[in-house]
Amino acid sequence: MLMVTKLAFNSNTPLGNANTRYMPCSKKTSSALASPEKIPTNRLAERLKRLELEGLISKSLYQSQPKRYEYLLTQKGIDTLPILQSLVIWGNKYIEDTWVPPKWFMQIK
């Protein structure tokens, strides 16, 4: 499972650009590669493709040479946030040394 440590919101959602401005966000794969999970590039690409196929994220070209993309949560992805927050709370309560999210992640409604 791809651990989401930072989020970006698509401006086409009800959350709009306001969240994009004040939330610390990282939309690019380079940030995921540098994360503590140390996910291999092929595994990350596979998981991003699956999330896109399921409609949880959208991919947008931000650089053409070389091709680079940013990944944004769709409304369907945003709607999973309460579930993810509940899993984090449960994991922090019952499993030692689990990821503790930044405060902003738990404050998203």
- The residue that is modelled with the highest pLDDT, considering only those in the stretch 46-67 that are of a type in the set (S, T, N, Q) and within 17 Å of the chain's Cα centre (by Cα), is Ser58
- The lone condition Asn92 fails out of (1) surrounded by 12 or more Cβ atoms within 10 Å (Cβ to Cβ); (2) over 21 Å from Arg47 (Cα atoms); (3) touching a residue at least 40 places away in the same chain (Cβ under 8 Å) is (3)
- Query: Residues in the stretch 69-83 that are out of contact with any strand residue (DSSP E or B) (no Cβ under 8 Å at 6 or more places or on another chain) and buried (at least 16 other Cβ atoms within 10 Å of the Cβ): how many?
  - Reply: 1
- Do any residues in the stretch 59-88 that are over 13 Å from Lys109 (Cβ atoms) have Cβ atoms under 8 Å from those of residues that are at pLDDT 90 or above and among the acidic types (Asp, Glu), where the two are at least six apart or on different chains, and which pairs are they? Lys59/Glu52; Lys59/Glu70; Ser60/Glu70; Tyr62/Glu70; Tyr71/Glu52; Lys76/Glu54
- Query: Restricting attention to the stretch 75-88, does a residue exist that is at pLDDT below 95 and among the basic types (Lys, Arg)?
  - Reply: no
- Of the residues that sit in the stretch 80-109 and are more than 15 Å from the chain's Cα centre (by Cα) and of a type in the set (Ser, Thr, Tyr), which one is nearest to Leu56 (Cα to Cα)? Ser86
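The values are calculated or read from the model by the stated rules, or taken from the named source; none is laboratory data. Keep in mind that this is a model prediction, so the values were computed, not measured. Note that each Cβ is placed from the backbone with ideal geometry, even for glycine, and that neighbours are counted across all protein chains shown.
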